[in-house]
Amino acid sequence: MAAQESKRARVTRMHDEYDRLCAFIPVTKCQLDYTTPFELIVATVLSAQTTDKRVNSVTPALFAQYPDADALAQANIADVESIIRVLGFYRMKSKHIIELAQALVARFGGEVPHTMDELTSLPGVGRKTANVVLGNAFGVPGFPVDTHVIRVTGRLGWRDTAGKPSPEAIERDITACFPREEWTDLSHRLIIFGRSVCTARAPQCAWCPLNDSCPSAGDFLGAAPATNRAHTSAKRARASAKRTATRTR
Ligand code: SF4
């Protein structure tokens, strides 16, 4: 069990499991559609408490109307609300992205800054959003911690699970065990894996590629579905992981 592992053994296991995740999910990419850093930061703010797919359904119209920070900074909030209405919290999000655009114009000449400190000084931008932007728009290694990363790293015993560690503490613990250049793809893979295999309600432990070493596999295997159903689920989830990882814009 992970709790009895030495730190060195745990890190060795993490690297071995990540190698297998790389084989299982060979291609990674950000799941949000964007063409500029501005579009990515706005899409990431919109993605809070909703799916990337749903965000991708509204951003083409949003960015056609407001292609840059200057345009969005001057937007009428009712117009923005009408475009992103299908998203949860659309009123609050409309306000946030207009305020974000206004701050970009006022403080950064309408450009998205490149550093964690500058990004997190913007309204509505926390470390997760900043890491998404740094890693995907600027090639600066970043490790966004979302609900999937929290769940999967906890089940795998990649980190201390006592109490309720903050996303910042999880980011610190996990990144300390991997080279910087791996951080962005590591986060992508954990998110894809959490969406398609190690899901919140029905993790597919019966066929999971990490089930021989995951300390949580036994917690769920007892409740595994019948073999033929597990096989069907496995095929479906493998296809889902592949689709998620390789979907092109
Ligand atoms: S064995 Fe189960 S709990 Fe462990 S990583 Fe795989 S799906 Fe998640």
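Computed from the coordinates by the stated procedures, all read-outs in this text should not be read as laboratory data. Keep in mind the model is a prediction, meaning the values are calculated, not measured. Reconstructed Cβ throughout: ideal geometry from the backbone, glycine too, with neighbour counts over all protein chains shown.
Take the convex hull of the alpha carbons in the chain; its mean projected area over all directions comes to 13.8 nm². Relative to the longest principal axis of the Cα atoms of the chain, the long axis of helix 183-196 lies at roughly 70 degrees. Looking at the square roots a ≥ b ≥ c of the eigenvalues of the Cα gyration tensor of the stretch 37-137, which shape do they give, rounded for a/c under 1.5, prolate if a/b is larger than b/c, or oblate? Since a/c reaches 1.5 but b/c is at least a/b, the shape of the stretch 37-137 is classed as oblate.
With a simple spin-label model that places each label point 7 Å from the Cα along the Cα-to-Cβ direction, the separation between Thr161 and Ile77 comes to 4.3 nm.
Take the Cα of Asp70, step 7 Å toward its Cβ, do the same at Val86, and the gap between the two points is 3.1 nm. Highest mean packing comes first when the peptides 129-138, 43-52 are listed by Cβ atoms within 10 Å, giving 129-138, 43-52. Comparing Cα centroids, the stretch 102-152 and the stretch 30-97 end up 15 angstrom apart. Close Lys pairs in the chain, defined as Cα atoms under 29 Å apart and 8 or more places apart or on different chains, number 20.
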